[in-house]
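The values are calculated or read from the model by the stated rules, or taken from the named source; none is laboratory data. Quick caveat: nothing in here was measured; it's all calculated off a predicted structure. Reconstructed Cβ throughout: ideal geometry from the backbone, glycine too, with neighbour counts over all protein chains shown.
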Amino acid sequence: MTSHRHTKKILLVNPWIHDFAAYDYWAKPLGLLYIGSFLRNEGFRVELVDCLNDPEALCFGTRKNGRGRFQKEEISKPAALNHIPRRYSRYGMSPGKFREALQRRCRPDAVLVTSVMTYWYPGVFEAIGIIKELFPEVPLALGGIYATLCPEHARAHSGADLVVEGDVLFREPEDKKSLRAVLETLFGVDLDFFKPYNTLDSLPFPAYDLLPSFDQAVLLTSRGCPYSCDYCASRYLDGFFQERDPLSVADEIEYWIDSYGVRDFSFYDDALIVNAEKRLVPLLEEIMRRGFSCRFHCPNGMHLRGMNDTLARLMYRAGFKTLRFGFETSQADRQKATGDKISNPETAEAVRHLKRAGFRGEDIGLYLLCGLPGQNRKEMEDTVDYVASLGVRPVIAEYSPIPHTALWPSALASSNLDLASEPLYHNNSIFPCLPDSDDVQFLRSLKVRARASHSRKQD
């Protein structure tokens, strides 16, 4: 229910990706869409310009089950990446279309820009530059993952009037980092009518209707993660682990089906299977009880520990189609060092459960973390071979060094790049912790080997 009505207009912006490669694996600016719903409930007039989800940004002929290619335009590489012999592109709508989209909107009273990967900041800066050119007097705040992990870099170079670190929704209104405090800073006035949201279930559904169209919806059944893997920043970004009521998630699925005809849903939880008997199992049972006919996708590596025959069969019957799990390595010592989430015997047993339930090997992908500081070739080869021996997909995920993680000091020590001052060097596509060019070539060939090994196993 709207608590206040007034004339303040807020523009939300999801910027471009600038990178060597990008693909839409069920991506949506979920945090920005939640903020949009929150603001509308408080009576603000809200609009969104999304450089990545506009029809002009997507290659619709390539899309299947809610994923596909972005439109792209080759652009000059930043100077810091000139030594990389690959083409660099802007992914999403053209700058001309972005200008047109901004000019079609009424002049906003404030602009909120989000950010994702630290090394995508050039796209963020380009968007901010155009916004400031068209609306020079309008205050602009930059938030999101890059702004939280690299706030000093953002304050020094982005052109934003305010850089916001961390979550803004799950805070008391009086908190200096709350959304209310952000808007008070931008507007220069006190706002005393904000309703606090303390749980995921108390939030309104994300404002997907702000998008010009959408063919899939992202779901969260939890936020944060109870694990503390040394390569992951989830704990730093979210602070705590919180779970939703599974019936609330089922209500949300039903709403998107009935209101917009959505049939593809992607789970972006960091810990979807954790406490499955209290959250995921009741949700799957409710999905089947209500008779939903949907396809569910899990691109954000789930934990294998906890997979059992009952859960696997429920996932299969409920309509899960794309399964990705975080395995990282087959080396026991590194498994323990990186978070102690799984062992090889547990992995093999989990795969057996999934296959008995009806999933094919090609449906199941295990992410393998390669290019870690100090990681040798034999470990990476052995891991690919082990996963292939299980008859599932080895999916190589190149390591990206992330500030504020336990592995960050090791990354700084092992890389010959200035990771601390240049976020472009966090890009996993340039293998930042493999200083030897022979190692880089090895890792590229390993990706080919991973694809081939799975194909041979399927044959």
- Somewhere in segment 306-322, is a residue under 15 Å from Val387 (Cα atoms), of a type in the set (Ser, Thr, Tyr) and either in the same structural domain as Pro282 (by TED's automatic domain parsing) or part of a helix (DSSP H, G or I) (or both)? no
- Query: Tally time: how many residues in segment 232-245 are part of a helix (DSSP H, G or I) and not acidic (Asp, Glu)?
  - Reply: 4
- Item | Residues of segment 98-124 that turn out to be acidic (Asp, Glu), in contact (Cβ under 8 Å) with a residue 60 or more places away in the chain and assigned to a helix (DSSP H, G or I), as a count | 0
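Got a sec? Which of Ser248, Ser228, Ser213, Ser259 is over 19 Å from the mean Cα position of the chain (by Cα) and assigned to a loop (DSSP other than H, G, I, E, B)? Lay out the reasoning, then the answer.
On the way: Ser248 fails: assigned to a loop (DSSP other than H, G, I, E, B); Ser228 fails: over 19 Å from the mean Cα position of the chain (by Cα); Ser259 fails: assigned to a loop (DSSP other than H, G, I, E, B).
Testing whether each residue is over 19 Å from the mean Cα position of the chain (by Cα) and assigned to a loop (DSSP other than H, G, I, E, B) leaves just Ser213.
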- Note on the structure: By residue number, the members of segment 103-139 that are in contact with a strand residue (DSSP E or B) (Cβ under 7 Å, 6 or more places away or on another chain) and under 12 Å from Pro15 (Cβ atoms) are Val111, Leu112, Val113, Thr114, Ser115, Trp120, Pro122, Gly123, Val124, Ala127, Ile128, Ile131
- Conditions (1) modelled with pLDDT of 90 or more; (2) within 21 Å of Tyr386 (Cα to Cα); (3) among the aromatic types (Phe, Trp, Tyr); number of the one not met by Phe442: (1)
- Identify, from the list Thr338, Thr322, Thr329, the residue that is over 30 Å from Gly261 (Cα atoms), under 27 Å from the mean Cα position of the chain (by Cα) and at pLDDT 90 or above. Thr329
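Okay, residues lined up against (1) surrounded by fewer than 16 Cβ atoms within 10 Å (Cβ to Cβ); (2) small (Gly, Ala, Ser); (3) not in a helix (DSSP H, G or I); (4) not assigned by TED's automatic domain parsing to the domain that holds Val46:
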position: Ala154; (1), (2), (3), (4): no, yes, no, no
position: Ala160; (1), (2), (3), (4): no, yes, yes, no
position: Asp167; (1), (2), (3), (4): no, no, yes, no
position: Arg171; (1), (2), (3), (4): no, no, yes, no
position: Glu174; (1), (2), (3), (4): yes, no, yes, no
position: Ala181; (1), (2), (3), (4): no, yes, no, no
position: Lys195; (1), (2), (3), (4): yes, no, yes, yes
position: Asn198; (1), (2), (3), (4): yes, no, yes, yes
position: Asp201; (1), (2), (3), (4): yes, no, no, yes
- When Ala127 is run through (1) of a type outside the set (Lys, Arg); (2) buried (at least 23 other Cβ atoms within 10 Å of the Cβ); (3) part of a helix (DSSP H, G or I); (4) outside the structural domain of Leu39 (by TED's automatic domain parsing), the failure sits at (4)
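Taking only segment 293-303 into account, find how many residues are without any contact (Cβ under 8 Å) to a residue 60 or more places away in the chain and part of a loop (DSSP other than H, G, I, E, B).
Taking segment 293-303 as the starting set, the residues that turn out to be without any contact (Cβ under 8 Å) to a residue 60 or more places away in the chain are 293-294, 296, 298, 300, 302.
Of the ones still in play, those that are also part of a loop (DSSP other than H, G, I, E, B) are 293-294.
Summing the residues that are without any contact (Cβ under 8 Å) to a residue 60 or more places away in the chain and part of a loop (DSSP other than H, G, I, E, B) in segment 293-303 gives 2.
Is segment 400-409 home to any residue that is under 18 Å from the mean Cα position of the chain (by Cα), of a type in the set (A, V, I, L, M, F, W, C) and either at pLDDT 90 or above or buried (at least 18 other Cβ atoms within 10 Å of the Cβ) (or both)?
Step one: of segment 400-409, the residues under 18 Å from the mean Cα position of the chain (by Cα) are 400-405.
From what is left, the residues that are of a type in the set (A, V, I, L, M, F, W, C) are 402.
After this cut, where a residue has to be either at pLDDT 90 or above or buried (at least 18 other Cβ atoms within 10 Å of the Cβ) (or both) as well, the list is 402.
Scanning segment 400-409, I find at least one residue that is under 18 Å from the mean Cα position of the chain (by Cα), of a type in the set (A, V, I, L, M, F, W, C) and either at pLDDT 90 or above or buried (at least 18 other Cβ atoms within 10 Å of the Cβ) (or both), so the answer is yes.
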- Go through the residues of segment 320-329 one by one and say whether even a single one is within 16 Å of Ala357 (Cα to Cα) and in contact with a helix residue (DSSP H, G or I) (Cβ under 6 Å, 6 or more places away or on another chain). yes
- Per the filter on segment 234-283, residues in contact with a Leu (Cβ under 8 Å, 6 or more places away or on another chain), aromatic (Phe, Trp, Tyr) and closer than 25 Å to Asp24 by Cα are Phe265, Phe267, Tyr268
- So, of the residues in segment 410-424 that are surrounded by fewer than 22 Cβ atoms within 10 Å (Cβ to Cβ) and of a type outside the set (A, V, I, L, M), which turns out to be nearest to the chain's Cα centre (by Cα)? Glu422
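Starting from residues that are of a type in the set (Val, Ile, Thr) and touching a Cys at 6+ places or on another chain (Cβ under 9 Å), keep the ones in segment 278-328 and report whichever is nearest to Gln242 (Cα to Cα). I'd like the intermediate steps shown before the answer.
Let us first name the residues in segment 278-328 that are of a type in the set (Val, Ile, Thr), namely 281, 287, 310, 322.
The next check asks that each one be touching a Cys at 6+ places or on another chain (Cβ under 9 Å); those that pass are 287, 322.
Working: Ile287: 21, Thr322: 24 Å.
Ranking the candidates gives Ile287 first.
Taking the options Glu254, Glu277, name whichever one is among the acidic types (Asp, Glu), assigned by TED's automatic domain parsing to the domain that holds His426 and within 30 Å of Leu390 (Cα to Cα).
Values: Glu254 fails: within 30 Å of Leu390 (Cα to Cα).
The unique qualifying residue is Glu277.
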